[in-house]
Amino acid sequence: MNESYNEKDGAQSTNYGKRKDIESFPIKSEQYYNDIESVLDFEFSLGFLIVGIFTFLPLFFNFIYIRSTNVHARRISTASIVIGSTYFAVFFILANAIQLSKYSFMY
């Protein structure tokens with residue numbers, strides 16, 4: 001019988017057939033957490049794009065994901081910034097056109 005004695009805190013404990021290299025739970029690797037973070041990058045980037053289409057400002061918050069490890073999050077981030085810039089340019093042009101049209105009718 002495989003029997004070994006270990007002293008812990010002045011008392012003896014017996015390990016019957018236990019291997020010392022399998023005493024702890026397996027720890028998930030760093031790659032596992034990077035994969036989850038990468039998926040979350042995509043989901044949050046897509047969320048900013050969808051909300052940004054209706055409210056304009058969140059489109060520019062998407063620049064955070066420009067350097068993401070997820071390819072899809074980077075593409076959505078780039079598209080979001082392009083759409084946000086286009087919205088801003090159109091809004092600026094329309095605001096100036098409306099302002100100029102008010103002054104032209106005064107005279």
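The values are calculated or read from the model by the stated rules, or taken from the named source; none is laboratory data. Since we're looking at a predicted model, the values are computed, not measured. Note that we place each Cβ from the backbone using ideal geometry, even for glycine, and neighbour counts take in every protein chain shown. For accessibility, only protein heavy atoms count, side chains too; no ligands or nucleic acids. Shrake-Rupley method; radii C 1.70, N 1.55, O 1.52, S 1.80 Å.
Among the numbered criteria (1) of a type outside the set (A, V, I, L, M); (2) under 30 Å from residue 91 (Cβ atoms); (3) surrounded by fewer than 10 Cβ atoms within 10 Å (Cβ to Cβ); (4) at pLDDT below 85, which one does residue 25 miss?
With (1) of a type outside the set (A, V, I, L, M); (2) under 30 Å from residue 91 (Cβ atoms); (3) surrounded by fewer than 10 Cβ atoms within 10 Å (Cβ to Cβ); (4) at pLDDT below 85 applied to residue 25, the lone miss is (2).
So residue 14 passes all but one of these: (1) at pLDDT below 60; (2) part of a helix (DSSP H, G or I). Which condition number does it fail?
Failed condition: (2).
Mind telling me which of the residues 48, 56, 60 ends up being closer than 27 Å to residue 86 by Cα, open to solvent by less than 80 Å² (accessible area, probe 1.4 Å) and at pLDDT below 85?
The unique qualifying residue is 56.
Quick check on this structure: which one of 103, 87, 65 is exposed (fewer than 10 other Cβ atoms within 10 Å of the Cβ) and of a type in the set (Ser, Thr, Tyr)?
Unique residue meeting the criteria: 103.
Scan (1) assigned to a helix (DSSP H, G or I); (2) within 16 Å of the chain's Cα centre (by Cα) for the single condition residue 69 breaks and write down its number.
Checking residue 69 against (1) assigned to a helix (DSSP H, G or I); (2) within 16 Å of the chain's Cα centre (by Cα), the one that fails is (1).
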